[in-house]
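Engineer: So that we are looking at the same thing, I have put the structure below in structure tokens.
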Amino acid sequence: MEANPQILVVSSELENRRALNNILRNEGYDTICASRVSECKEALQTQNVSLVFCDRRLSDGNYRDVVAAIRESHHQARVIVTSRLADWDEYLDALHHGAFDLIASPCQPTDVLWAIVQARREDHERAGFMVATKARAVSATA
């Protein structure tokens, strides 16, 4: 049986990791923390990660490296970028490079939870689409 999905928190700044980890744990989420892209890659290889909160910049790379690592690992995890700037241009740039969302850092609980709700909603919609597509394919061949 597969382990419950976990949320990966990736930040080079200890205080950012702690704050975000506390928000998530207080809401009942199982978390893993990493401070570098290399640690993120290791977690993706060994853990069931469903969502990643990642600082825009890390000591050994940036969120784009994390997005690439997720693609390479064939995970379906979504990346939510955290940034002190968090302006419209940066948001659009993050989406263009494969992030699911971008929120301001230091993170506010409402922003974190809203991003999770949006990611879960999209997962459910995608799953519903997949079921409907398979049902149509089966009925077309019958």
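The values are calculated or read from the model by the stated rules, or taken from the named source; none is laboratory data. Bear in mind the structure is a predicted one, so any value in this text is a computation, not a measurement. Positions of Cβ are backbone-derived with ideal geometry, glycine not excepted, and every protein chain shown enters the neighbour counts. The area values use the complete protein model at the heavy-atom level, side chains included, leaving out ligands, DNA and RNA. Shrake-Rupley method; radii C 1.70, N 1.55, O 1.52, S 1.80 Å.
Engineer: Pairs only if they're at least six apart or on different chains, beta carbon under 7 angstrom, first in the stretch 103-117 and hydroxyl-bearing (Ser, Thr, Tyr), second open to solvent by 40 Å² or more (accessible area, probe 1.4 Å); list them, first residue then second.
Structural biologist: Close Cβ pairs satisfying both conditions: Ser105/Arg84.
Engineer: I've got another one for you. Given the condition in a helix (DSSP H, G or I) and in contact with a Leu (Cβ under 8 Å, 6 or more places away or on another chain), answer yes or no: does some residue in the stretch 97-116 qualify?
Structural biologist: Among the residues of the stretch 97-116, at least one is in a helix (DSSP H, G or I) and in contact with a Leu (Cβ under 8 Å, 6 or more places away or on another chain), which makes the answer yes.
Engineer: Another question, then. Return the residue satisfying two criteria in turn: it lies in the stretch 42-82 and is in a helix (DSSP H, G or I) and in contact with a His (Cβ under 9 Å, 6 or more places away or on another chain), and of such residues it is nearest to Leu102 (Cα to Cα).
Structural biologist: Tyr63
Engineer: Mind listing whichever residues of the stretch 1-41 are open to solvent by less than 70 Å² (accessible area, probe 1.4 Å), of a type outside the set (A, V, I, L, M, F, W, C) and in a helix (DSSP H, G or I)?
Structural biologist: Within the stretch 1-41, Asn16, Arg17, Asn21, Ser38 meet the criteria.
Engineer: On to the next question. Could we say that Ala94 is more than 19 Å from Leu20 (Cα to Cα), buried (at least 21 other Cβ atoms within 10 Å of the Cβ) and more than 12 Å from the chain's Cα centre (by Cα) here?
Structural biologist: Yes; evaluated as a whole, the condition is true for this residue.
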